[in-house]
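In what follows, a structure is listed as structure tokens, so that the remarks can point back to it.
FYI, it's all coordinate maths here, none of it is from the lab. On a predicted model such as this, the values are computed, not experimentally measured, just so you know. Cβ: placed from backbone, ideal geometry, glycine included. Neighbour counts: every protein chain shown.
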Amino acid sequence: MVAHALAEAVTYPAVGASLDVERISHAFDIDGSVLPVLDDVNFSVKPGEFIALLGPSGCGKSTLLRLVAGLEAPRSGVLREDGDPVTGPFPSRVVVFQDPTLFPWRTVWNNVALGLEAQGILKSQRQRVDAALDLVGLSQFRNAYPHQLSGGMAQRVALARALVNDPKILILDEPLGKLDSLTRITMQAEIVALWQRKGFTTLLVTHDVEEALFLANRVIVFSDRPARIKADIAVDRPYPRHRGDPRLAELRRNILGLLGLDATW
Amino acid sequence: MSTYSASKTVALAQSAEEGAALSGRPLSLAVSFPAGGTGVFASLAWVGFGISCLWWPDIGDWTRTHQLAAAAFVIAGAIFLATVAGSRLGRFNAGLQRRAPWLLVSALFLTLWEAATAKFGWLPLPFFPPPQSIIEVYTDDLPKLLDSIIASVKLQLGGYVIGATVGFLTGVSIGWSRSVGYWVHPVLRFIGPLPATAWLPIAFFTFPSSWSASTFLIALATGFPVTVLTWSGVASVSNSYYDVARTLGAKPSFLVLKVAIPAALPHVFVGLFMGLGSSFAVLVVAEMIGVKAGLGWYLQWAQGWAAYANMYAALIVMSLLCSGAITLLFRTRDRLLIWQKGVVKW
Ligand SMILES: Nc1ncnc2c1ncn2[C@@H]1O[C@H](COP(=O)(O)OP(=O)(O)OP(=O)(O)O)[C@@H](O)[C@H]1O
Ligand SMILES: [Mg+2]
């Protein structure tokens with residue numbers, strides 16, 4: 001199965017995979033006591049769908065993403081990618097972490113090439129690295145080292161490093177959290193364009209309700225820790241969306257209410 | 001999208017750094033001279049040194065006084081010509097300009113040394129030999145000195161390379177594998193902190209030759225800091241680097257070779273630097289006590305014959321070699337760790 005999936009990742013442009021999150025619960029042991037983090041989380045994502053996950057800070061969103069990536073195994077429940085259980089990390093599910101975590105000893109180009117190099121296919125696929133750098137508009141900086149980049153540029157390199165693998169599921173953990181609002185808005189538009197062009201399934205964690213509504217097909221709202229699904233809201237508006245759309249404003253009011261912020265409205 | 005290129009920025013930053021180094025040079029004597037004023041002064045100082053050799057008679061019996069004076073005049077002439085040729089010499093001239101104050105001060109120092117020893121005997125002989133007697137050592141005792149240098153370099157290089165390699169591999173294995181750590185860590189804690197020289201008496205009768213014993217001791221002195229720092233380097237690699245690599249499909253070998261080791265390299269170089277220092281100490285002691293060759297032995301031998309000029313000559317060579325080794329290490333580091341910002345320049 002692995003070899004098959006790898007061959008597919010190499011030869012075809014990725015098409016989104018479906019993702020089933022089946023009754024996932026997870027907890028951490030801290031100093032002997034158990035900290036429940038995810039409580040019976042259950043949802044499924046259709047191929048090519050764009051899902052935004054919203055919830056209070058520390059509720060367990062990043063933990064859920066780590067489970068989907070296969071970096072940790074859930075205490076109970078099953079995750080399925082295209083029906084096959086997730087048992088470990090695999091380059092068809094790529095994460096862009098909360099921090100860009102570029103390797104400081106590698107140039108921008110070599111950072112983007114990381115996935116192909118790790119899979120041993122870099123030699124024959126070098127043009128994919130160039131293409132990914134073009135995509136995020138950083139071809140000029142291919143030989144720069146991470147400490148020579150701005151925060152927004154570093155985040156774009158991290159995005160290119162993920163995209164070069166042609167993932168079936170792209171996992172984004174607040175990728176725009178630390179950017180200024182101007183860069184944010186540009187990158188949001190870029191992400192939508194990329195997603196529409198490539199057709200991968202996307203899971204996006206964000207703190208920004210507007211961002212979630214601007215980007216996603218569906219917004220899943222979590223409760224406080226341990227995270228439970230509070231609401232699963234379809235955003236039934238076509239792309240490209242407009243920030244002033246009254247329907248989005250209405251949804252935004254709903255979601256803020258779910259997050260306990262109705263007093264501000 | 002801004003249009004400046006990253007490589008240009010780097011080049012700019014470098015030339016700015018060079019400019020800062022130039023303008024911050026010490027003893028800027030070139031106030032009244034348009035260019036190369038300090039160079040002219042340095043040249044004059046060397047002439048002065050040459051004259052000081054010839055003007056007064058030597059109070060002792062040294063054969064190289066005239067040659068020393070001649071050499072001083074040659075150096076003075078070379079500095080003068082280079083200064084006059086000025087910008088036509090390009091980078092060489094820039095280097096000369098930067099070093100001119102140092103050339104000036106060293107000529108003054110040599111003059112003072114010459115006067116205090118060979119001419120007026122302010123410093124007691126034979127403990128403070130004049131410059132010409134050290135030149136005499138370099139010309140007349142050259143074969144023996146060369147043999148000693150070769151022996152020292154061979155011993156040091158062999159022990160250091162073995163120690164650094166073993167230390168690096170051990171450090172990576174302890175940092176990476178729990179079970180290796182379980183077995184090696186206690187041994188390391190028990191043996192590592194012991195100064196390698198404490199093993200001297202045992203090593204010299206357990207090893208087949210004093211040469212192999214010394215190699216072992218130098219390797220030991222190098223290996224301990226390299227092991228500990230490599231280990232701490234590997235252990236302190238952030239987990240998020242591994243997470244990134246794993247989600248991109250990295251296998252364990254990739255994680256070790258392409259994540260753990262490059263991330264640990266700055267620590268490894270600190271270990272290599274510390275190991276170099278402590279292995280120099282072991283080298284000299286081992287040569288003095290056991291191996292009948294090398295600069296340490298030469299020092300010992302010179303002391304036995306009260307040949308103080310030979311001792312100073314050997315010390316100067318030794319310091320050049322040690323400094324050269326450290327320069328080489330730092331050059332290698334700068335090349336490998338070009339991605340780090342703000343590293344110490346040696
Ligand atoms: N490796 C770990 N060991 C112990 N506890 C952990 C670990 N990782 C996360 N936690 C705990 O799990 C909880 C959820 O963490 P998580 O990072 O998933 O939150 P989050 O929803 O992503 O928050 P934020 O929006 O602030 O990033 C936190 O209370 C955190 O302390
Ligand atoms: Mg998080």
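For chain B, the longest principal axis of the Cα atoms and the long axis of helix B:37-55 meet at an angle of about 60 degrees. Calculated from the alpha-carbon coordinates, the range B:142-336 shows an Rg and a Dmax of 19.5, 69 Å respectively. With a 10 Å cut-off around each Cβ of A:100-108, the average count of Cβ atoms from other chains is 5.
Once the piece of chain linking B:Ile150 and B:Ser253 is laid out straight, how much longer is it, given 0.36 nm per residue of separation minus the C-alpha distance between them?
The span from B:Ile150 to B:Ser253 would gain 33.1 nm if fully extended.
Only Cα pairs under 8 Å and 6+ residues apart enter the sum, and on that basis the relative contact order of the range B:236-346 stands at 18 percent. Counts of other chain beta carbons within 10 angstrom of each beta carbon in peptide A:115-121 average 5.
Label sites at B:Leu336 and A:Ser44, each approximated as a point 7 angstrom past Cα along Cα to Cβ, lie 5.3 nm apart.
Structure note, pairs A:Lys46/A:Lys168; A:Lys178/B:Lys258; B:Lys154/B:Lys292; A:Lys46/A:Lys198: Cα-Cα distances above 18 angstrom occur for A:Lys178/B:Lys258. For chain B, the longest principal axis of the alpha carbon atoms and the long axis of helix B:308-336 meet at an angle near 40°. Model label points for B:Leu54 and A:Ile121, set 7 angstrom from Cα along the Cα-to-Cβ axis, are 8.0 nm apart. GNM on chain B, C-alpha springs below 10 Å: top fluctuator among B:Val105, B:Val268, B:Val47? Comparing B:Val105, B:Val268, B:Val47 in a Gaussian network model of chain B, the most mobile one is B:Val105. For the range A:147-265, DSSP calls about 50 percent of its internal beta bridges antiparallel. Can you pull a Stokes-Einstein diffusion coefficient for the range A:103-166 at 4 °C (1.567 mPa s), Rh from Kirkwood over Cα pairs, as a whole number of µm²/s? So the translational diffusion coefficient is about 115 µm²/s.
Highest average first, the peptides B:193-200, B:97-104 ordered by how many other beta carbon atoms sit within 10 Å of their residues are B:97-104, B:193-200.
Let's test the formula: R0 of 30 Å, r as the Cβ-Cβ distance of B:His185 and B:Phe207. What FRET efficiency results, to the nearest 0.05?
Calculated value: 0.70.
Each part gets one Cα centre, and for the range B:276-346 versus the range A:130-150 those centres are 44 Å apart. Springs join every pair of Cα atoms under 10 Å in this Gaussian network model of chain B, and among B:Trp113, B:Trp176, B:Trp55 the largest mean-square fluctuation is at B:Trp55. For chain B, the mean projected area of the C-alpha convex hull, equal to one quarter of the hull surface, is 25.1 nm². Taking 20 °C and 1.002 mPa s as conditions, the range A:108-265 diffuses translationally at an estimated 124 µm²/s according to Stokes-Einstein applied to its Kirkwood radius (Cα pairs). Put simply, the Cα atoms of the range A:34-176 extend 46, 32, 27 Å along their principal axes, the longest span coming first.
Taking the Cα centre of the range A:103-166 as origin and assigning +1 to Lys and Arg Cβ atoms and -1 to Asp and Glu Cβ atoms, the resulting dipole is close to 100 debye. With only Cα atoms counted, the range B:54-167 has Rg and Dmax values of 19.5, 58 Å.
A crude spin-label estimate for the pair B:Ser87 and B:Ala70, with each label 7 Å from Cα along the Cβ direction, gives 3.8 nm. Mean silhouette area of the protein assembly as shown, derived from the convex hull of its C-alpha atoms and averaged over all directions, reads 39.0 nm².
Taking every C-alpha pair closer than 8 Å and separated by at least 6 residues, the mean separation divided by the residue count of chain B gives a relative contact order of 16 percent. Share of pairwise Cα-Cα distances greater than 18 Å in the range B:106-211 is 72 percent (whole percent).
How much mean residue ellipticity at 222 nm does chain B get from its helices, if each DSSP H run of length 4 or more adds -39500 (n - 2.57) and you divide by all residues, to the nearest 500 deg cm²/dmol?
Helices in chain B give a 222 nm mean residue ellipticity of -25000 deg cm²/dmol.
Of the Cα atoms belonging to chain A, the radius of gyration and Dmax stand at 18.4, 57 Å.
DSSP assigns beta bridges within the protein assembly as shown; of those with both partners inside it, close to 55 percent run antiparallel. Separation of the range B:154-219 from the range A:48-70 is 49 Å, based on Cα centroids. Take every Cα pair under 8 Å whose residues are at least 6 apart in sequence, average their separation, divide by the length of chain A, and the relative contact order is 26 percent. Straight Cα distances below 13 angstrom link A:Lys61 to the aspartates and glutamates A:Asp39, A:Asp173, A:Glu174, A:Asp224, with same-chain residues fewer than 8 positions distant left out. Based on DSSP H segments of at least four residues, each scored -39500 (n - 2.57), chain A has a per-residue ellipticity at 222 nm of -10000 deg cm²/dmol.
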